[in-house]
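Please read the structure below before turning to the comments.
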Amino acid sequence: MDRIEHKFVEVKGIKLHVAEIGKESSPAVVFLHGFPEIWYTWRHQMIGVANAGFRAIAPDFRGYGLSDHGVEPEKTSFSDMLYDTVAILDSLNIFKVFVIGKDFGAFVAYAFALLYRERVLGVVTLGVPFIPPGPLVSHESLPEGFYISRFRNPGRAEADFSRFDAKTVVKNIYILFSRSEIPIASENQEIMDLVESDTLLPSWFTEEDLAAYGTLYEKSGFQTALKVPYRSLLDERYEFNIEDPKVEARALLIMGEKDYLFKFPGVKDIINGDEMKKYVPNLEVTYLADGSHFVQEQFPNDVNQLILAFLGK
């Protein structure tokens with residue numbers, strides 16, 4: 001961890017935090033986090049790819065971790081995350097890059113691959129497959145207490161989170177999202193109430209890890225973390241009017257077999273069906289038997305091996 005360097009890149013007047021390791025002359029790999037994550041979620045992968053001769057770059061998206069929120073954080077959008085990524089790579093004089101995205105970072109990774117095809121050496125996503133154009137997977141069959149429905153409701157999630165310090169919020173979300181069931185609250189219950197106060201962290205997530213997350217979320221808060229992805233992403237995902245949404249680059253999807261995402265309506269059909277191959281023809285899908293939604297932290301060595309095999313092809 002001590003080998004990872006930290007810098008700030010200014011984009012449109014805001015400072016974005018970037019963690020980096022590896023020689024500037026080495027092939028570049030950019031890691032894009034999801035929620036409730038920050039750059040730190042990629043700590044194992046950054047060191048792994050750097051040891052193998054690559055340059056690893058992991059930014060905090062705007063409004064996350066050490067990155068600024070921007071002048072009007074309430075207007076932060078999914079497209080900001082995409083164009084910030086482009087600006088960071090440009091500022092580091094990186095043109096060709098492998099793009100690795102987790103959770104909503106996978107949406108950014110695929111948008112980058114579609115809009116900047118000539119810059120992409122390959123795409124790896126974890127926990128989220130390529131979602132074909134059109135509405136996102138239907139949630140109509142899920143109860144009102146479905147966590148995304150709650151998080152999309154302005155004010156409700158903020159009030160729920162505000163009852164706890166940032167460290168406890170992150171702890172609860174890591175516990176909930178590492179399970180194999182979708183977090184769904186009852187009518188008179190909030191999402192944070194789904195975790196008892198004495199529930200232990202997953203064995204692979206230490207108190208030191210939690211402290212690192214908690215400290216940075218104390219700084220950033222959860223405003224942008226709730227706006228993107230739970231609000232703007234669902235509304236703006238295909239605002240770019242991509243005529244031919246086909247990812248030509250080589251692609252790898254890594255899924256934990258116990259990822260709660262598999263309980264979402266239609267997700268298994270998307271991953272296992274032929275439809276995704278129309279849009280990502282050079283896709284390979286691999287599964288980790290006991291993997292949760294956080295496979296990169298739960299099984300870092302396995303994930304590193306999969307990523308390095310992909311990068312080396």
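Descriptive notes on the structure:
- Residues that are in contact (Cβ under 8 Å) with a residue 60 or more places away in the chain, buried (at least 16 other Cβ atoms within 10 Å of the Cβ) and not basic (K, R), drawn from segment 149-177: F151, A157, F161, V169, V170, I173, Y174, F177
- Within this structure, P129 passes the test of being in a loop (DSSP other than H, G, I, E, B) and either under 23 Å from G312 (Cα atoms) or over 12 Å from the mean Cα position of the chain (by Cα) (or both).
- Summed over segment 69-86, the residues that are buried (at least 19 other Cβ atoms within 10 Å of the Cβ) and among the charged types (D, E, K, R) give a count of 2.
- Number of residues in segment 273-310 that are in a helix (DSSP H, G or I), farther than 17 Å from I182 by Cα and touching a strand residue (DSSP E or B) at 6+ places or on another chain (Cβ under 8 Å): the value is 9.
- Residue check for F95: at pLDDT 95 or above, outside any helix (DSSP H, G or I) and farther than 25 Å from Q296 by Cα: yes
- Output for segment 241-298, where each listed residue is surrounded by 20 or more Cβ atoms within 10 Å (Cβ to Cβ), farther than 14 Å from V124 by Cβ and among the polar types (S, T, N, Q): S292, Q298
- Subset of segment 183-222 [part of a loop (DSSP other than H, G, I, E, B), of a type outside the set (F, W, Y) and surrounded by 14 or more Cβ atoms within 10 Å (Cβ to Cβ)]: P183, A185, E190, V195, L201, P202, G221
Quick grid of which residues meet (1) polar (S, T, N, Q); (2) closer than 13 Å to T224 by Cβ:
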residue	(1), (2)
K23	no, no
P27	no, no
F31	no, no
W39	no, no
Q45	yes, no
P59	no, no
G63	no, yes
S67	yes, yes
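- Matching residues, segment 22-34, being surrounded by fewer than 22 Cβ atoms within 10 Å (Cβ to Cβ) and of a type outside the set (S, T, N, Q): K23, E24, P27
- Residue within segment 99-118 that is crowded, with 20+ Cβ neighbours inside 10 Å, out of contact with any strand residue (DSSP E or B) (no Cβ under 6 Å at 6 or more places or on another chain) and over 26 Å from I242 (Cβ atoms) present: no
- Here the condition is being modelled with pLDDT of 95 or more, out of contact with any Lys or Arg (no Cβ under 7 Å at 6 or more places or on another chain) and under 16 Å from N304 (Cβ atoms); of A19, A50, A87, it holds for A50 alone.
- Considering (1) out of contact with any helix residue (DSSP H, G or I) (no Cβ under 6 Å at 6 or more places or on another chain); (2) exposed (fewer than 14 other Cβ atoms within 10 Å of the Cβ); (3) modelled with pLDDT of 95 or more, the lone condition that D235 does not fulfil carries the number (3).
- Members of segment 76-117 that are under 21 Å from E24 (Cβ atoms) and among the acidic types (D, E): D84, D90
- Condition check for A157: among the small types (G, A, S), farther than 30 Å from G312 by Cβ and modelled with pLDDT of 95 or more: no
- Test: residue in segment 249-261 that is part of a helix (DSSP H, G or I), within 19 Å of the chain's Cα centre (by Cα) and at pLDDT 90 or above: yes
- The single condition among (1) on the phi < 0 side of the Ramachandran plot; (2) under 18 Å from the mean Cα position of the chain (by Cα) that V11 does not meet is (2).
- Members of segment 47-68 that are among the aliphatic types (A, V, I, L, M), more than 15 Å from the chain's Cα centre (by Cα), buried (at least 24 other Cβ atoms within 10 Å of the Cβ) and under 20 Å from S91 (Cα atoms): A56
The values are calculated or read from the model by the stated rules, or taken from the named source; none is laboratory data. This is a predicted model, so every value here is computed, not measured. Cβ coordinates were reconstructed from backbone atoms using ideal geometry, including for glycine residues, and neighbour counts include every protein chain displayed.
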